[in-house]
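The values are calculated or read from the model by the stated rules, or taken from the named source; none is laboratory data. Since this is a predicted model, take the numbers as computed values, not measurements. Please note: Cβ atoms are built from the backbone with ideal geometry, for glycine as well, and neighbour counts cover all protein chains shown.
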């Protein structure tokens, strides 16, 4: 048995993809690999592997202890990916960004959820052989596609007409997520229902908070902001939606997209280069809000096009199954424990 200590505060702030990814991994290891790994959470006893999911200062200081064993860092963001997420005044922003990289450099091995971040970490002075790509995943036993009968009942539960076209977005309400474009599309399509599942996880620190808060408090009639919701409700919202739309300007490997794939929901994304190496061909691409509008009109008027992206979502979901990722993580941790013992 390999002893692994997970260090994380990701589940303390609701509505974060980092928290979802962390919980998915914990559940995977405990349910699929309980005969191989002994898992502890935020304990400072001796461990063969210490896996850091968040960059808390207390966790940083713990890396200087010899009890930590092999130190693994999960890279869920880089300084540049935080732009448009949080409002941090200078000089604190610069200090925080330097701290992020200093934390990553304390690790023996880093895990990135998107291969496009490998070269960016190398540019920060981290050796390439210390970086491993392992994608995110979601549990298909929790996120799955409802039957047509269940979907009809679900729409009735939410008071949505069977023939109403519904667009779902998910994530924190912030500039980086492209929420202003989601709002604009809602205003341009009054006969379509738009739902944004998520809230202000970091309150007034959220970039663009004041302007976004005004719309959240007084949205167009066809736009609903649910606030932060449970994972069970996210499953329902994905299943009642005709299209999942994430207009983010920057991402790594959004859990919300994997959740939509797993529910068989067609996906449209702002066509970011970082998606090309992980889910290229699995989503309807749009370069800006004008193309999103054009593609939305196409999808509404062409059922075959919508069915195509539904099939692609189902194919993508199989690529990132928990069964496959259980084998990947088992191999990774076993290798890291061996290196720690060497």
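Select from the range 299-342 the residues that are over 28 Å from residue 140 (Cα atoms) and crowded, with 17+ Cβ neighbours inside 10 Å and write down the one among them that is modelled with the highest pLDDT.
Residue satisfying both the conditions and the ranking: 337.
Looking at the range 216-235, which of the residues that are in contact with a strand residue (DSSP E or B) (Cβ under 8 Å, 6 or more places away or on another chain) and part of a helix (DSSP H, G or I) is farthest from residue 256 (Cα to Cα)?
Among them, the one singled out is 216.
Taking the range 271-298 only, how many residues are at pLDDT 95 or above, loosely packed, with under 15 Cβ neighbours inside 10 Å and outside any loop (DSSP other than H, G, I, E, B)?
Residues meeting the conditions: 4.
Looking at 157, 128, can you tell me which residue is touching a helix residue (DSSP H, G or I) at 6+ places or on another chain (Cβ under 6 Å) and loosely packed, with under 13 Cβ neighbours inside 10 Å?
Sole residue among the options that is touching a helix residue (DSSP H, G or I) at 6+ places or on another chain (Cβ under 6 Å) and loosely packed, with under 13 Cβ neighbours inside 10 Å: 128.
Contact list please: Cβ distance under 8 Å, first residue in the range 293-322 and without any contact (Cβ under 8 Å) to a residue 40 or more places away in the chain, second residue in a helix (DSSP H, G or I) and crowded, with 18+ Cβ neighbours inside 10 Å, pairs at least six apart or on different chains.
305/299
Six or more apart or on different chains, Cβ atoms under 7 Å: show the pairs whose first residue is in the range 58-70 and assigned by TED's automatic domain parsing to the domain that holds residue 99 and closer than 10 Å to residue 103 by Cα and whose second is at pLDDT 95 or above and surrounded by 15 or more Cβ atoms within 10 Å (Cβ to Cβ).
59/7; 59/52; 60/103; 60/106; 63/71; 63/106
Please specify each residue of the range 37-69 satisfying the condition of being part of a helix (DSSP H, G or I) and either under 22 Å from the mean Cα position of the chain (by Cα) or surrounded by fewer than 16 Cβ atoms within 10 Å (Cβ to Cβ) (or both).
Residues satisfying the conditions are 57, 58, 60, 61, 66, 67.
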